[in-house]
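*Asks:* Please find one structure pasted underneath; my questions will follow.
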Amino acid sequence: MATKATTKAPSKATAKKAAPRKAASGKAKANWTIESVAAELLACEDERREREPFTDEWPELDLDTGYQIQDLNLTKRLERGEQLIGVKLGLTSRAKQQRMGVHFPFVAWLTDAMILPAGDPVPQHKLIHPRIEPEIVFVMGDGLAGPGVSCAQAMSAVESVYGGFEIIDSRYHNFRFKAGDVSADNASSGFYVTGPIGVHPSSIDLALEGVLVEVDGQIVDSATGAAVQGHPGEALALAANDLARRGHSIEPGWVVLTGGMTDAVFAPPGSSVAVHFTNLGSCFINGGEQP
Ligand code: 0L1
Ligand code: MG
């Protein structure tokens, strides 16, 4: 499928300045801007430091302003040598939406710094409070450019499908955030692991693909692919259409994480987590060591 939009790091010139904000009491609060929130979020990530959500002080920080912050930090990630390799969706399942209190899906960036080789432990020394969630992962054969992309069109651009998991890590205390906070925070990005079996999309019914989540030998959650927007291909179409609104498209070769199928589980040092898919194999991870 032809790619209509280009994928480029967004220009800083597009970033709006935020007006000074006042608390309900009328007292002026911190004067956050797109630039200062972006810098603070990257600093929190680099320093393994959590903070309270910006919307406590900047209630107008909405999804689209969060996207501008996310885009600015993508530019900074690329400037420091990371490669853009794809996108990830957040909150595509009801389980995740209910748990996080944000009731619509959104899109964030994946760079090569977020790849964790299968078999590595949770890199606790780089993370604040990691949680693990199972995901259906696509590798794109063709590009995909919205608007108006359907699930069937999206699936025809997929080269292979994997099971896998994401290690999310919010920069917000207790994962407490609103839509603007979490989109700014690149949808709590941390790391992801791709499972051992890749299949052509025509050879699997993804809506029926099951997953069991095991923590320390106990099955704690389960879902099927239908938990993700009815079909993970719907999430892929949603990503293409949402990115088109932002002037971007999905590129051939990109990885797309379609969103946590279940609520995420904690992965503290010493724990062990596995996700078992019906047809896409199992992935295991050790919680690693206290940093
Ligand atoms: O911290 C979060 O749960 C927000 C990111 C959601 C990621 C996902 O749904 O896959
Ligand atoms: Mg996820």
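No lab work stands behind these numbers, since they all come straight from the coordinates. Values in this document were obtained by computation on a predicted structure and should not be read as measured data. Neighbour counts run over all protein chains shown; Cβ positions are idealised from the backbone, glycine included.
*Asks:* If you build a Gaussian network model of the chain, linking Cα atoms that sit under 10 Å apart, which residue out of ASN73, ASN186, ASN31 swings the most?
*Replies:* Highest fluctuation among the options: ASN31.
*Asks:* Given an 8 Å cut-off on Cα distances and at least 6 residues of separation, report the relative contact order of the stretch 155-194 as a percent.
*Replies:* The normalised contact order for the stretch 155-194 reaches 56 percent.
*Asks:* So what is the relative contact order of the chain, in percent, for Cα pairs below 8 Å that sit 6 or more residues apart?
*Replies:* Computed value for the chain: 26 percent relative contact order.
*Asks:* Where nothing but the Cβ of Lys and Arg (+1) and of Asp and Glu (-1) is charged, how large is the charge dipole of the stretch 102-230 around its Cα centre, in debye to the nearest 20?
*Replies:* Computed about the Cα centre, the dipole is about 400 debye.
*Asks:* Additional query: Sequence gap of 8 or more, or different chains, plus Cα separation below 27 Å: how many lysine pairs satisfy both in the stretch 18-286?
*Replies:* Close lysine pairs under the 27 Å cut-off: 13.
*Asks:* Another question, if that's okay. Where does each of GLU79, GLU234 land when they are ranked from fewest to most other beta-carbon atoms within 10 angstrom?
*Replies:* GLU79, GLU234
*Asks:* Exposure proxy check: ILE69, ILE285 ranked by fewest other beta carbons within 10 Å?
*Replies:* Placing the least packed residue first, the sequence is ILE285, ILE69.
*Asks:* Further question on the same structure: Run the Debye formula on the Cα coordinates of the chain, all scatterers equal and no solvent, and tell me log10 I(q)/I(0) at q = 0.15 1/Å.
*Replies:* -1.14
*Asks:* Can I ask one more? If we count other beta carbons within 10 Å of each Cβ, what is the order of VAL158, VAL220, fewest first?
*Replies:* VAL220, VAL158
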